Structures are given as C-alpha cells and as structure tokens.
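What follows is a short report on a single structure.
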Amino acid sequence: MQAENQVFTDLSAATMADGAAAYGLINAAAIAVSEGKIAWVGAEQDLPADYAAWTRHSLGGRLVTPALIDCHTHVVHGGHRAVEFEMRLNGASYEEVARAGGGIISTVKATRAASVEDLIAQALPRVDAMLAEGVSLIEVKSGYGLDRKTELNMLRAARALEEHRPIRVVTSFLGAHAVPVEYKDRPEAYIADLCIPVLKEAHAEGLVDAVDAFCEGIAFLPDQLVPLFDAARDLGLPVKLHAEQLSNLGGAKLATSYGALSADHIEYLDQAGVAAMAGAGTVAVILPGAFYTLRETQAPPIDLLREAGVPMALATDSNPGSAPMTSLLLTMNMGCTLFRMTPEEALRGVTAHAAQALGLKDCGRIAAGQRADLAVWNAEHPAELAYRIGFNPLHARIFGGKL
Ligand code: DI6
Ligand code: FE
C-alpha cells in the first residue's frame, strides 16, 4: 500500500496521550497519514475537510495503538543456552554450569565465533517474532563480544537489521556487560584499555546511540563505571544502566548523576534511588522476563515509582541467559500479573514510555507529527493486550504509513 496521503477510518485509537481519557482513547476515530507521518487524529466526525479527498481505508472497527517498542534487548548474539537450562533443571548448580563452560561466557564464545552475517541470520527469527506482535522499533545492545572486533560486529549486525526487515533499530554499547577472561580480576583495566577505546571507535563509525553497562557484584561496581560514563558524556552520548537487578549497589544513583535515559531491572531499588530517578527524569525499565526466568522473588518497587511519578517502561530483555523471550505482549501480561502494573501502564510501557527510555520524541504516541508506526489489533479494548497469555491478536502493522 502506498505511503501517500490516506485516512484510516472506523477504528478506536489508544493514542496514549496524557490527560482525561484512559489510554488517551478516542472511539469512532480516524487517523490521517501523509508521507510516513501522522497528519491528524481525532473523532471521525470531526475529520477536517482538508482530508476529505484522501484515500480512505476502513479498519473495520478495530483497536489501533502506537506500534510497540521493545526498549531493552540483547537480540543480537551467537548460540543459545538451552542445554544449560536443561542442566539446571536436572539439578546442576549455577557454579557447575559455569565450570562446564556455561553462563554468559559461553555466549561470548559463540558470539565471537560468528560473522556479522551469522549474527544477523541468528537474530532475524527473533526479530520476526517481535514484528509479528506489532513491534516497530527495538533497542539492541552489544556486550557479548567483550573484544574490539566482536563488539563492533554486534553493533553492525544490529544496524543491518533495518536493511532486512521493516523495523527501526537503536543501539546501545554494552561493552561493560561482563569482565572477559582476558581481563580476569582487572575490571578497571578492561574499562580503560578496551571498553573506552572501542566505544570511541564504534561511535566514530556511527554505531552507538547510547552507552549501557551492567552494574552488579558479578559485573562492574559503580566506581568502575565512572570513567566509561565520563567518556560517554564527552562523546555526547546518553547513558542507561542495568541497575539494582540482584542487589542494591547504588547504580541508579550513579546513572541519574549522568542524567541517564533509563535505569533497567531495578528489583532492589530503594526509596532514595526512586527519588533520584524522579529528580533526573530517568525512566524505569521493568524487565519481568528476567525476573521470571531467574525465579527472583524481590519485585521492583512499582508503588514507589508510581507515587514518585517515575515513567515506567516494559521490555523483553531478550537474551540467551536470563530472558530467552521475544514476546512483548507476554511481557505486558507479566508486568501486570507479577508486578501489579495496570494494563494502561503496561501499554504505556511498551509505547510512550519505551520511546522516552530511548530518548525518542517522534514515536510512541498517536499524535500529529509522530511517525505513522501503528499496530492494528483484533481487539475491542486496550486492556485485552495485557490480559491474554500467549495469544497474538495483531491484525496488521503500519510502518512509516505503510500497511
Ligand atoms: N542482566 C542479566 O540478567 C544478564 N545480563 C544482564 O545485563 C544476563 C545475560 C546472560 O546471562 O547472558
Ligand atoms: Fe539486559
């Protein structure tokens, strides 16, 4: 279908606009689209005369939302860890798995062994699963290379996904995901001698939209990340952080001192961390898939975040270890059932707030001037999207105005 001037009619629009109506819902709505952007949205009966001559396309009374945004993924990586999953369920401990070559290091090995083309080919089926659920934009992190060549290749593969599928990709450099064996027990040297120089090189090649890190006892302590975040600031790149996932090290506070776009996971975030995020306008990215997979019992402080007005996003964390998942719809359900988020918060979390977690202003809502990236659902009410488990009600995806 042509991207030129057209009006979608006979739909209800969950615009996600702030304000009176829940979900920013407009019933009996119309959406005018021109050159890939939304020109107008409102009640169909109020459609201005200017749009009367545009090609009309009825959506049969269906629900339309902004296309979904997965704002935290590790979807580009080599191999899988299903055998490790099986070993653990047969009684092996985490340590035994690690000694048998499992864990994050096994993914690093498989990722280093893969070419850019391999990485793309392995990621595409996962990306296709996301597209099938109405996703139009994914964030993709590096962090399974931990050497110069592979970190660059992961980011090149991530960028290249846009050439293979109708999807938008933004990237985060996650060189500080783990300390590689070459730098065992020398995290500071790894950051200074490898991570920062590779970040600069990746940035020069136009491969980096943000800088991320894993702040945890098993990864990097806050102080060790200061030089990396300083380097990001010098390059004019925003930061985000895997923070307070397994323990409270004050990662969110570090991140907010750099005006972080987001702090992610945050199961162990405390009141002071919540206040710091509220003050800095940092988005809380909630990742229930990792919580579920790790059988974590400490839930993120949703009530405190809500009270403080911290915007909450939801994402899959799609990775081969702690979140081998690709379903953003299931993630929404988990956010509600495991964490007591509301279905409206869940939908905001994969649209408007997900865009905010990536620093993007041109997507995530249905409003004039936004990109015409929309999802059309076989649904009557927006709460249906978070309500069903393992069911995909997508009717169609509109990407850049094209159905
Ligand atoms: N948080 C996690 O849970 C993981 N990475 C991260 O930043 C685990 C990644 C893996 O096990 O491969
Ligand atoms: Fe992650």
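The values are calculated or read from the model by the stated rules, or taken from the named source; none is laboratory data. Quantities reported herein were computed from a predicted structural model and do not represent experimental measurements. Note that each Cβ is placed from the backbone with ideal geometry, even for glycine, and that neighbours are counted across all protein chains shown. Each accessible area value is taken on the protein alone, full model and side chains, heavy atoms only, with ligands, DNA and RNA left out. Shrake-Rupley method; radii C 1.70, N 1.55, O 1.52, S 1.80 Å.
How many residues does region 98-139 contain that are of a type in the set (S, T, Y) and away from ligand 2 (no atom under 16 Å from the Cβ)?
Restricting attention to region 98-139, the residues satisfying the condition of being of a type in the set (S, T, Y) are 106-107, 111, 115, 136.
Now drop any that are not away from ligand 2 (no atom under 16 Å from the Cβ), which leaves 106, 115, 136.
Qualifying residue count, region 98-139: 3.
I need the full set of residues from region 337-368 which are open to solvent by 20 Å² or more (accessible area, probe 1.4 Å), within 26 Å of S172 (Cα to Cα) and in a loop (DSSP other than H, G, I, E, B), in order please. I'd like the intermediate steps shown before the answer.
Going through region 337-368, the residues open to solvent by 20 Å² or more (accessible area, probe 1.4 Å) turn out to be 337-338, 340, 342-345, 348, 353, 356, 358-362, 365, 367-368.
Narrowing the set further to residues that are within 26 Å of S172 (Cα to Cα) leaves 345, 348, 353, 356, 358-362, 365.
Those that are open to solvent by 20 Å² or more (accessible area, probe 1.4 Å), within 26 Å of S172 (Cα to Cα) and in a loop (DSSP other than H, G, I, E, B): L358, G359, L360, K361, D362, R365.
Does region 184-199 contain any residue that is touching a strand residue (DSSP E or B) at 6+ places or on another chain (Cβ under 9 Å), within 25 Å of A252 (Cα to Cα), more than 16 Å from ligand 1 (Cβ to nearest atom) and among the charged types (D, E, K, R)?
No, region 184-199 contains no residue that is touching a strand residue (DSSP E or B) at 6+ places or on another chain (Cβ under 9 Å), within 25 Å of A252 (Cα to Cα), more than 16 Å from ligand 1 (Cβ to nearest atom) and among the charged types (D, E, K, R).
Give region 211-228 a look and list any residue that's in a helix (DSSP H, G or I) and either touching a residue at least 12 places away in the same chain (Cβ under 8 Å) or near ligand 1 (Cβ under 10 Å from one of its atoms) (or both), or say none. Give the steps one after another, and end with the answer.
First, the residues of region 211-228 that are in a helix (DSSP H, G or I): 222-228.
Matches in region 211-228: P222, Q224, L225, V226, P227, L228.
If only one of A202, A243 is touching a helix residue (DSSP H, G or I) at 6+ places or on another chain (Cβ under 8 Å) and within 16 Å of P301 (Cβ to Cβ), which one is it? Spell out the reasoning first.
On the way: A202 fails: within 16 Å of P301 (Cβ to Cβ).
Every option except A243 fails the conditions.
Would you pick out the residues in region 229-253 that are closer than 15 Å to V283 by Cα and part of a helix (DSSP H, G or I)?
Selection gives G251, A252, K253.
Could you tell me which numbered condition A114 fails, if it satisfies all but one of (1) small (G, A, S); (2) assigned to a helix (DSSP H, G or I); (3) open to solvent by less than 20 Å² (accessible area, probe 1.4 Å)?
Just one mismatch for A114, condition (2).
Before we move on, is L137 more than 20 Å from S322 (Cα to Cα), open to solvent by less than 20 Å² (accessible area, probe 1.4 Å) and assigned to a helix (DSSP H, G or I)? Break it down stepwise before answering.
Details: more than 20 Å from S322 (Cα to Cα): yes; open to solvent by less than 20 Å² (accessible area, probe 1.4 Å): yes; assigned to a helix (DSSP H, G or I): no.
Taking the combined requirement at face value, the residue does not satisfy it.
One line per residue, one yes/no per condition, for (1) within 16 Å of ligand 2 (Cβ to nearest atom); (2) open to solvent by 10 Å² or more (accessible area, probe 1.4 Å); (3) of a type outside the set (D, E):
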{"residue": "I196", "(1), (2), (3)": "no, yes, yes"}
{"residue": "E216", "(1), (2), (3)": "yes, no, no"}
{"residue": "F220", "(1), (2), (3)": "yes, no, yes"}
{"residue": "K240", "(1), (2), (3)": "yes, no, yes"}
{"residue": "A243", "(1), (2), (3)": "yes, no, yes"}
{"residue": "N248", "(1), (2), (3)": "no, yes, yes"}
{"residue": "G251", "(1), (2), (3)": "yes, no, yes"}
{"residue": "I266", "(1), (2), (3)": "yes, no, yes"}
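Residues that are open to solvent by 40 Å² or more (accessible area, probe 1.4 Å): list the strands (runs of 3 or more DSSP E) wholly contained in region 24-72 that include at least 2 such residues. Spell out how you get there, then give the answer.
Numbers: elements: 25-34, 37-43, 55-66, 68-70.
Result: 25-34, 37-43, 55-66.
Looking at region 290-298, is at least one residue touching a residue at least 40 places away in the same chain (Cβ under 8 Å), under 17 Å from the mean Cα position of the chain (by Cα) and open to solvent by less than 10 Å² (accessible area, probe 1.4 Å)?
Checked region 290-298: at least one residue is touching a residue at least 40 places away in the same chain (Cβ under 8 Å), under 17 Å from the mean Cα position of the chain (by Cα) and open to solvent by less than 10 Å² (accessible area, probe 1.4 Å).
Pull up region 94-111, narrow it to residues that are open to solvent by less than 50 Å² (accessible area, probe 1.4 Å) and over 26 Å from the mean Cα position of the chain (by Cα), then point me to the one that is farthest from ligand 1 (Cβ to nearest atom).
Only one residue tops the list, namely G101.
Considering region 86-108 alone, what residues qualify as being without any contact (Cβ under 8 Å) to a residue 24 or more places away in the chain and either on the phi > 0 side of the Ramachandran plot or outside any loop (DSSP other than H, G, I, E, B) (or both)? Please lay out each step first, then the result.
Filtering region 86-108 down to residues without any contact (Cβ under 8 Å) to a residue 24 or more places away in the chain leaves 86-102.
Correct list: E86, M87, R88, L89, G91, Y94, E95, E96, V97, A98, R99, G101.
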